[in-house]
Amino acid sequence: MKKSKEKEIKKKIIILQKEIEAAKIDYFQNDDPLLSDSEYDSLIKRYKEFKKEYPSLFSNYDKTLNVGTVALSSFNKVEHSKPLLSLANAFNSSDVKNFDESIKRFLGMDLSSDIEYVAEPKIDGLSLSIRYEKGNLILASTRGDGKIGEDVTHNAKTISEIPHYISSAPDILEVRGEVYILKSDFEKLNQYQQLQNQKTFANPRNAAAGSLRQLDSNITKKRPLKFFAYTLGEISNNPVDNQKDLIDLLKKYGFKTTQDFYLCKNFNELNRVYLNFNQIKANLDYDVDGLVYKVNDFKLQKRLGARSSSPRWAIAHKFKPLESFTKILSIEIQVGRTGTLSPVAKLEPVEIGGVIVSSATLHNEDFIKGFDNNGNKIRGGVDIRVGDLVSVYRAGDVIPKIKSVSLSERSINSKEYIFPKYCPDCGNEVKKEKNESSIRCHAGLSCKSQVIERLKHFVSKQAFSIEGFAEKQLLQLYDLDWIKSPTDIFYLETKHGHNSKIPLKNLDNWGEKSADNLFKAIEKSKKIPLNKFIFSLGIRYVGEVVASMLAKYYIEWDIFYDKMKNLSQKNNSALDELVNIDGIGLKSVHELKLFFSNKVSLEITLELPKLIEIEKYQQKNISSPISDMSLVFTGTLETMSRSEAKSIAENMGAKVSSTISSNTNLLISGISSGSKLNRARDKGIKVITENEWLELIKK
Ligand code: IVH
């Protein structure tokens, strides 16, 4: 290897070592990890790859891959009677198949024969080993590096789920399990910490670790720690011979064990349990990051034994992380409806939680530079560059986002990203607004992207709802100069109908049927309620909710239009009136004023109403079991989409909100509902199931 290349690789290895060591200290000692599990796993994976490829660059004493850290000096060190092993990971069903087959091979069994397993949830907490002698709890220790841990006996004794005395225990008994905190308790704990101006925790695991490793047991006592037992360490006389019976025995000794364990006859059954568990895991009140499969029979476990750090008879089947590492191929700028320049990272396609992701939002210039909207550092102030290896995550079904940049993988030739000074679409100079992070192009309707985005908004479902008018068609007709503004849409049939000189049906990708359908859809859209019409204008900060409030207040288009014209002419009474409408903020007021001061907008809003019929706002006087209530939906509904449920609720006079607040009256909980359900329960808000919801709307 060339000296320069060796130097470069060595440098990368040192950075990786530092990253891993820092992550271990954050995780194991400070209980405050900055990296997620999958980011950490990915660092380890890359480190192993380097180690395999360039073994000569590593010292014989390299401890980077050792699990855990040296026990904290503040606690007494204790040597475990038997090491606390970790588990090998399976990331997909073929890894599990390999696990099953390698066991059979090891035991000299036929590959078509069955092995019985127990599948248990892998609770995300921290492991604890508790030693009883003659039934008395004499020692509780954390895992440490697996061989030497920390003595946390005083703290463990404060956990109510850990018995201090077990009457029927053998002379020596070591019970091992996981200390954890329920998701609902975690939220409460963080709220309490915040009120006390104390540090909040990143997740339930850290809260559990931080609470168990307190030097003052009185603090641990106040923390809602739980313990679930799943295995044995040393035992003088083991009365059971399989994992299933062990769970029953641990229960008999007075421990909590998982209720969600499954006895599986073979590999196929493991897969079924995994798929099923994936569905229900969000409903559980504890964090699980996978399932643990254990060979049920202890005799077989003994024969299988362990490798250096993990047993051969067990494996952790991880749930798909909603996060992965990938490379930034380029940074593109999209110009939105209101001229905002939105940077988007084009990524090397990567699977995240079962979905292929190839782009992620970069929000704005500050985000790329490593700052949030208030100028505070994010990602430790590290900027984002083309070519960077980044971790990308998806939370729920939102647009993928970038979480961190791997500096050890950054090429020395990489350059800081320079945000454009001119609109990439129309070439106009772009400007940063005062007190805003966004950079905008103010060319308005002379900027093609903005026109197309406005037209897309205009024909969208929530506005004119004209089907068969996607971006592709709009671009085609824009390039032909047929549709440059919303009004052109309503002249389309007159100018380009079947009997015209240049009919739409003769264009590429069009035919008589599709042209007919479009004309019909346009015709149908001509009757539109006032709120939808106001929304369709695409004014910044005038979304569906604000548009509805305006419609409800002004009732008729002509009245609204006059008032808005007055507003643009600096008429104070029109301004006062608008500001005083409940729910209309100053940002919306400012943008309404700008919009109605613009010559082109004024022309469009004068001409459009002549081509269509804007319906007066209809005051709904609804009496239903949910009228005037504020509802929140969570989880997946099986019988209807969220939009349908929302529309039914609104038609019955209820308001639908996306977040739980003190105004919420009712939560409708579908399958896989998560934190909202817990929050609602905490606040004492009534929660109903989908079936109860169906009953309610039937009435
Ligand atoms: S059995 C020798 N069962 O996962 C095998 N571990 O990555 C001992 N864990 O250190 C572990 N839930 O802290 C087992 N049902 C479960 C578990 C579980 C969580 C943790 C445990 C272990 C880590 C391994």
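The values are calculated or read from the model by the stated rules, or taken from the named source; none is laboratory data. What you see is a predicted model; the values in this text were computed from it and never measured. Neighbour counts are summed over all protein chains in view; Cβ atoms, including those assigned to glycine, are modelled from backbone coordinates with ideal geometry. Accessible surface areas use protein heavy atoms only, side chains included; no ligands, DNA or RNA. Shrake-Rupley method; radii C 1.70, N 1.55, O 1.52, S 1.80 Å.
Data for the structure
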| quantity | calculated |
| --- | --- |
| Test set (1) buried (at least 17 other Cβ atoms within 10 Å of the Cβ); (2) within 16 Å of the ligand (Cβ to nearest atom) - Phe75 fails condition number | (2) |
| Single match in Ala574, Ala547, Ala515, Ala521 (criterion: outside any loop (DSSP other than H, G, I, E, B) and free of Cβ contacts under 8 Å to residues at least 12 places away in the same chain) | Ala574 |
| Hits in the range 334-386 (condition: small (Gly, Ala, Ser) and over 20 Å from the mean Cα position of the chain (by Cα)) | Gly336, Gly339, Ser342, Gly370, Gly375, Gly380, Gly381 |
| Matching residues in the range 589-622 - criterion: being at pLDDT below 80 and under 38 Å from the mean Cα position of the chain (by Cα) | Lys620, Ile622 |
| Single condition Asp285 does not satisfy, out of (1) charged (D, E, K, R); (2) in a loop (DSSP other than H, G, I, E, B); (3) at pLDDT 95 or above | (3) |
| Test set (1) surrounded by fewer than 18 Cβ atoms within 10 Å (Cβ to Cβ); (2) under 30 Å from Glu187 (Cβ atoms); (3) at pLDDT 80 or above - Asn678 fails condition number | (1) |
| Leu586 vs. criteria of a type in the set (A, V, I, L, M, F, W, C), modelled with pLDDT of 90 or more, surrounded by fewer than 16 Cβ atoms within 10 Å (Cβ to Cβ) and on the phi < 0 side of the Ramachandran plot | no |
| Matching residues, the range 272-321, being without any contact (Cβ under 8 Å) to a residue 12 or more places away in the chain and under 21 Å from the mean Cα position of the chain (by Cα) | Leu275, Asn276 |
| Of all residues making up the range 456-484, the number that are of a type in the set (A, V, I, L, M), crowded, with 17+ Cβ neighbours inside 10 Å and part of a helix (DSSP H, G or I) | 3 |
| Selection status of Thr326, away from the ligand (no atom under 13 Å from the Cβ), hydroxyl-bearing (Ser, Thr, Tyr) and either surrounded by fewer than 17 Cβ atoms within 10 Å (Cβ to Cβ) or closer than 30 Å to Leu455 by Cα (or both) | no |
| Looking only at the range 197-231, and only at residues there that are open to solvent by 30 Å² or more (accessible area, probe 1.4 Å) and within 30 Å of Tyr262 (Cα to Cα), the one that is farthest from the ligand (Cβ to nearest atom) | Pro224 |
| Selection status of Leu284, over 30 Å from Lys676 (Cα atoms), more than 11 Å from the ligand (Cβ to nearest atom) and either of a type in the set (A, V, I, L, M, F, W, C) or in contact with a helix residue (DSSP H, G or I) (Cβ under 6 Å, 6 or more places away or on another chain) (or both) | no |
| Unmet requirement for Asn268, which otherwise passes all of (1) more than 29 Å from Gly146 (Cα to Cα); (2) not in a helix (DSSP H, G or I) | (2) |
| Selection within the range 605-656 - open to solvent by 40 Å² or more (accessible area, probe 1.4 Å), in a helix (DSSP H, G or I) and closer than 20 Å to Ala680 by Cα | Arg642, Lys646 |
| Residues located in the range 396-455, provided they are under 25 Å from the mean Cα position of the chain (by Cα), surrounded by 14 or more Cβ atoms within 10 Å (Cβ to Cβ) and farther than 30 Å from Lys5 by Cα | Pro400, Lys401, Ser437, Ser438 |
